[in-house]
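Below is one structure, written out as structure tokens; the observations come after it.
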Amino acid sequence: MVRVIALANQKGGVGKTTTALNIAAGLLKNGQKVLLIDLDPQSNATSGAGVDKKEINFDAYDVLISNRSVKSAILKRTDNFDILPSSPELAGAEIELTKKKNRQMILKRKIAQEKENYDFVIIDNPPALGLLSLNSLMAADSVLIPVQAEYFALEGLAQLKKTIDLVKEHGNLGLTIEGILMTMTTHTKISRQVVAEVEKHFPEETYSITIPRNVRLTEAPSFGQSIFDFAGFSSGARAYNKLVKEIISKDGTEESEPS
Ligand code: ADP
Ligand code: MG
């Protein structure tokens, strides 16, 4: 069974793209078949995965706006890794989609056609709760929420949870929170306080694994590489490796096997 995981947080700069790229790479490393969908018009996941703009014929915009299939738009990176790239045009899709019937369900329908081809579909989202993010929440089995360990970390989380509840009410009943992931943590007092505060508010959802601030994670995408290829022994690689193991081990069994 394919698992569709959406990275979401309407705040920018919290680690959505970094996490999308590195969990996609980590899942691959663990033998999983992965489709990475870049739904952010800024295209950071696309370029961070090493895709050259010149390689792109079709992108997520074409899939959402026309009757083009995901299959006919993807770029094959390796046997087990496909990417549906983004383009700046996607910014316009927010508006163009408003004219469409069932506009929030388009991505779900398009992904459903490809479900047997992948173990995981990872969707990177723009820093907004517009129609692009809504499409991915409707298409997703779970949401992974990166939260930067900084002042105001909790701000916006309540709104995001409200959006998730609305999505559950209006068409995606089974949507779960994969986890809240504290990112860019440091050994400072404030960082520890923020992590503790988020854990206090969301004890069930918050991962015990945190992603430390690590400059290697910033450098890797400019070489089109994951942290595992770029700096496999870095603190960032170790943390993302643990996260990937945790994601794979969950595998939908947690509900049926109370521990
Ligand atoms: P988002 O997609 O939520 O906007 P990004 O993943 O692009 O966030 O991260 C924002 C910036 O922070 C980027 O420059 C990225 O390289 C950097 N960054 C993300 N995670 C870390 C980390 N754990 N340590 C250091 N820098 C990070
Ligand atoms: Mg991003």
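No value in this document is a laboratory result; all are computed from the given coordinates. Remember, predicted model here, so these are calculated numbers, not experimental data. Positions of Cβ are backbone-derived with ideal geometry, glycine not excepted, and every protein chain shown enters the neighbour counts.
Structure notes:
- For the pair N67 and K242, a Förster radius of 45 Å applied to the C-beta separation gives a FRET efficiency near 0.65, rounded to the nearest 0.05.
- Max mean-square fluctuation residue, GNM over the chain, Cα-Cα springs under 10 Å, options F81, F152, F120: F152
- Size of charge dipole - the chain - debye, nearest 20, with Cβ of Lys, Arg +1 and Asp, Glu -1, no other charges: 240 debye
- Gaussian network model of the chain, springs between alpha carbon atoms under 10 Å - residue of K76, K108, K33 with greatest fluctuation: K76
- Once C-alpha pairs closer than 8 Å and six or more residues apart are averaged by separation and normalised to the residue number of region 107-251, the relative contact order reads 18 percent.
- Proxy reagent accessibility, fewest Cβ within 10 Å first, across V244, V215: V215, V244
- All C-alpha pair distances within region 1-133, sorted into 10 Å bins from zero, spread as 13, 48, 35, 4, 0 percent across the bins.
- Relative contact order of the chain: 26 percent, from C-alpha pairs under 8 Å at least 6 residues apart in sequence.
- Region 179-259: chymotrypsin sites (Phe, Trp or Tyr not before Pro) in DSSP loop, at most 16 other beta carbons within 10 Å: F233
- Size of charge dipole - region 15-127 - debye, nearest 20, with Cβ of Lys, Arg +1 and Asp, Glu -1, no other charges: 380 debye
- Mean residue ellipticity (222 nm) of the chain, computed from DSSP H runs ≥ 4 via -39,500 (n - 2.57), nearest 500: -11000 deg cm²/dmol
- Database remark: amide H of L36 closer than 5 angstrom to the amide H of D82, I83, L84, I122 (H placed geometrically; neighbours at sequence offset of 5 or more, or on other chains; Pro and chain starts carry no H).
- Computed from the C-beta positions of Q113 and I190 and an R0 of 30 Å, the FRET efficiency is 0.05 to the nearest 0.05.
- For the chain, with +1 on Lys and Arg beta carbons and -1 on Asp and Glu, the positive-most of L21, Y61, L7 along the dipole: Y61
- Assigned charges on the beta-carbon of Lys, Arg, Asp, Glu; region 119-172 dipole about Cα centre (debye): 160 debye
- Each of I5, I95, I122 was scored by other Cβ atoms within 10 Å of its Cβ. Arranged with the fewest first, they read I95, I5, I122.
- With both residues required to sit in the chain, DSSP beta bridges show an antiparallel share near 10%.
- Amide H contacts of V147 (H built 1.01 Å from N, under 5 Å, at least 5 apart or other chain): L181, M182, T183
- Ordering of 21-30, 41-50, 185-194, 172-181 by packing is 21-30, 41-50, 172-181, 185-194, highest average first (other Cβ atoms within 10 Å, averaged per residue).
- Rounded to two decimals, the Cα radius of gyration of the chain over 2.2 N^0.38 Å is 0.95.
- Cβ-derived FRET efficiency at R0 25 Å, A128 paired with D251, nearest 0.05: 0.25
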